[in-house]
1. For the condition in a helix (DSSP H, G or I), within 13 Å of another protein chain (Cβ to nearest Cβ) and either modelled with pLDDT of 85 or more or touching a helix residue (DSSP H, G or I) at 6+ places or on another chain (Cβ under 8 Å) (or both), what is the one hit in B:ARG139, B:ARG121?
2. Kindly list the number of the only condition in (1) surrounded by fewer than 19 Cβ atoms within 10 Å (Cβ to Cβ); (2) at pLDDT 90 or above that fails for A:PRO45.
3. If A:ALA352 meets every condition in (1) more than 12 Å from every other protein chain (Cβ to nearest Cβ); (2) not in a loop (DSSP other than H, G, I, E, B) apart from one, which number is that one?
4. Looking at A:PRO118, A:PRO42, can you tell me which residue is part of a loop (DSSP other than H, G, I, E, B) and farther than 30 Å from B:GLN151 by Cα?
5. If I filter region A:44-89 down to residues being of a type in the set (A, V, I, L, M) and free of Cβ contacts under 8 Å to residues at least 40 places away in the same chain, which single residue comes out as nearest to A:ALA369 (Cα to Cα)?
6. Can you tell me which residues in region C:68-88 are out of contact with any Pro (no Cβ under 9 Å at 6 or more places or on another chain) and either among the charged types (D, E, K, R) or at pLDDT below 85 (or both)?
7. What number of residues in region A:143-197 are hydrophobic (A, V, I, L, M, F, W, C), part of a loop (DSSP other than H, G, I, E, B) and more than 14 Å from every other protein chain (Cβ to nearest Cβ)?
8. What residue, among those in region B:1-43 that are of a type in the set (Val, Ile, Thr) and not in a helix (DSSP H, G or I), is surrounded by the fewest Cβ atoms within 10 Å (Cβ to Cβ)?
Amino acid sequence: MTDPLSVPYREREGSVTMSAMDAGPEIAEEREAELMTLNIGPHHPATHGVLRLLTTLQGETVIETTPIVGYVHTGIEKSCEDQQYWKAITFVERMDYLAYYSNAMAYCMAVEKLLDEPVPDRAQYLRVIHLELNRISSHLFWLATAALDVGAVSMLFWGCRERDQILDLFEMSSGQRFHTRYFQVGGVMEDLPPGWDTKCRELLRDLPARLDQYEALLDGNEIFIQRLRNTGIVSQERMLELGVTGPMLRATGNPWDLRKAMPYSSYDHFDFKIPVGTVGDNFDRYRVRMAEMRESLKIVEQALDGLPEGPYITSNRKVALPPRHELATSMEALIHHFKLVTEGFRVPPGEAYVAIESPRGEMGCFIVADGSAKPARVHMRDPSFANMHSIQPMSEGALIADMIASVAMLDPILGGIDR
Amino acid sequence: MPDATGLELIAQRVRESLGDEAVVGTQYYREQATLQVAPGSVRDVLTHFRDTDPEPYERLMSVHGCDYLPEEPRLGVHYELLSTDRCERLRVKTRLTVEQAETEGLPSIVEIYPGAEFHEREVFDFFGVVFSGHPDLRRIAMPEDYVGHPQRRDFPMGGEEVLFTFNEHELPRWYDK
Amino acid sequence: MEVIRQKLGPADEFRAKQMNAQRMLRGELPDDELQQYVEERIWLTTLEKAQNWARKNALFPLGFGLACCAIEMITIIGSPRNDIARFGAEAVRASPRQADFMMLSGRVSIKMAPVIRRIYDQMLEPKWVIAMGACSSSAGMFNNYAVVAGADKFLPVDVYVPGCPPRPEALIYGINKLQAKIIENPTQGWRERYNAEGTEERA
């Protein structure tokens, strides 16, 4: 073996010397027409994770963009096939890691559909409360990082501050800041702890004023507006063709939202509006998400006010664990507990696809059951994955700086794209 | 969702316009309608649903692959269609054997639904279903030089044992090996 | 090495100290008093120790968000509640050339591993790695075909932070542990352990 140190460092590392930098001005004119391939990512602070964009540039104009993904492919779908139904919830939550409640909700609803298991009203309301708080926290984090990408650094601190408050609520109800595994097949894990309601109402009281502050900070910011307005415009027809959903689609003026269009859980009980944009540029995407947070606050408030009494999980002992206190007194409960923990529950063979509206669009879960206690196939239709199609029409022909703004407003979650 | 009768009517209309052999069967389970079609006629059926059917499904939400291992034909590809006007979903499903999937495969539907591009690449990557006519059929999640299609059920789960502090001393100087 | 902060003491004592200093500047202090004066005020240490002390308190992390843990990693920087600037590690660098340590936050897939190794090679010595979360420490729950079972399979890891994902406090504790490690034993001994002599960077 040759001594690695005998090779010069630059050669060992394989980096390239930019000889074109030293070239004279006559080459500079040629360079105007010359195409340059620029690789952005997978390690780049503006790609929101490990997205890799292979761009072809002419000057500063993007001629072509190819998103390359797979850098956090984790094989979660395969891992789920090796887990019992109720243990796979932990795995699906780690796909779209900002919308973990949505992941768990889509999965639990698909399993409930296959089992034909009704969910109690209180559980449905608790699910809606957590889903909407999760939507707010996800949008806050998007706001923090997306504003950072277009130069508004202080938004990172504001966004994280409010998000911490929401995560505190999650921690109170489930014990984890995120990846809570709060949703169970047939209901939720536990009822709300005492004091949760008060804390949540404090948040509901504070957050609108805070959102006003953010808007005052950003909407009047000339740099922010110039970077977003009229950049990354894609028409509604194109978005529909590409299968884009969520705030990206609603920014073009199409009010498609599964919470209204095909209500699931208890969304039909609440009064809320679907914000839509007009032009479909990056600024509309920003405004739609800001307005969505306010609507989500309304839903949480209504759900807290109308929270029905009753069980928080189904009483079907074949699916849900018996309450802890029964284990000491009832032999039957102990047997159910043992069977469920060791074997899990069996799901009759069949296929189901259930879709919900995650913060980024349609989050679908497709499950094939083969009659055993483990799913034969779990597939998540992740909104980030489908929305990624819109990177090409958004960025091609635009300046490279606008492409960064467009990717920020796309809000891709790479864990969801790669799974 | 179309109900069971509605599904039969849909299947009937597909048979009328594309011939009897296009439709293999219908399944209606838990209020979800599935139309099973022959692998060769996937593109025609989806074109029919988008353009000519009186109750069109203009959006394709997802394409997923599936491996029904003990059964034959083994592989399945599902297309989730959505009508935003009527708020209805329909699943078009096709089944094909491994040999079929790797040789002739399925006709690509990227031309009629451009949003299927990444989904088809994903099915190709994980299940090895070739989509003829796809503009850029490469692996999407696994490295380009990866061998095998990892989400088939006969593909091993993989993984390896991890040395922790508690079991490290059982193998002295394990790092020499 | 440790900085000891002393209280000023009563006013007259303070006044006496001032007088002493003035006399020293004028060169009026007798030899034995001068000896004592200097001994009180001068620290003797080795250059390496002083350097490590400086390094420990100005760590530049490489912002390397891989998956879920990246969100908690951003939280320790962005959230006012867990301000990592208290420990001098808030200046996240995007370029590996400027970074001191890498926080591997999230699962390391087989596709990403060569990229991480390449970025690690581009970092300047001395460099450290924190494996944040169960996945990058040991593949955690995702021990399957797509994930490398622990980042220590392809680069030396100094601190492992358990959790899925670890709380921000846990990560801050991990960074504190790394700081303690830097000041105690900066070479870490991993070159001997991994049999990696010859990977030092040379000018």
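1. Numbers: B:ARG139 fails: in a helix (DSSP H, G or I).
B:ARG121 is the lone residue from the list that is in a helix (DSSP H, G or I), within 13 Å of another protein chain (Cβ to nearest Cβ) and either modelled with pLDDT of 85 or more or touching a helix residue (DSSP H, G or I) at 6+ places or on another chain (Cβ under 8 Å) (or both).
2. Going through (1) surrounded by fewer than 19 Cβ atoms within 10 Å (Cβ to Cβ); (2) at pLDDT 90 or above one by one, A:PRO45 breaks only (2).
3. Failed condition: (1).
4. Numbers: A:PRO42 fails: farther than 30 Å from B:GLN151 by Cα.
Being part of a loop (DSSP other than H, G, I, E, B) and farther than 30 Å from B:GLN151 by Cα holds for just one of A:PRO118, A:PRO42, which is A:PRO118.
5. Step one: filter region A:44-89 for residues of a type in the set (A, V, I, L, M), giving A:46, A:50-51, A:53-54, A:57, A:62-63, A:68-69, A:72, A:76, A:88-89.
From what's left, free of Cβ contacts under 8 Å to residues at least 40 places away in the same chain: A:54, A:68.
Working: A:LEU54: 39, A:ILE68: 32 Å.
Out of the qualifying residues, it is A:ILE68.
6. C:GLY78, C:PRO80, C:ASP83, C:ARG86
7. Going through region A:143-197, the residues hydrophobic (A, V, I, L, M, F, W, C) turn out to be A:143-144, A:146-148, A:150, A:152-153, A:155-158, A:160, A:166-167, A:169-170, A:172, A:178, A:183, A:185, A:188-189, A:192, A:196.
Next cut, part of a loop (DSSP other than H, G, I, E, B) only: A:150, A:152-153, A:178, A:185, A:189, A:192.
Then drop every residue that is not more than 14 Å from every other protein chain (Cβ to nearest Cβ), which leaves A:150, A:185, A:189, A:192.
Number satisfying all stated conditions: 4.
8. So in region B:1-43, the residues of a type in the set (Val, Ile, Thr) come out as B:5, B:10, B:14, B:23-24, B:26, B:34, B:37, B:42.
Adding the requirement that they be not in a helix (DSSP H, G or I) leaves B:23-24, B:26, B:34, B:37.
Working: B:VAL23: 21, B:VAL24: 15, B:THR26: 17, B:THR34: 18, B:VAL37: 23.
Filtering first and then ranking leaves B:VAL24.
The values are calculated or read from the model by the stated rules, or taken from the named source; none is laboratory data. Fair warning: this is a prediction, and the values are worked out from it, not measured in the lab. No Cβ is skipped: glycine too gets one built from the backbone with ideal geometry, and neighbour counts run over all protein chains shown.
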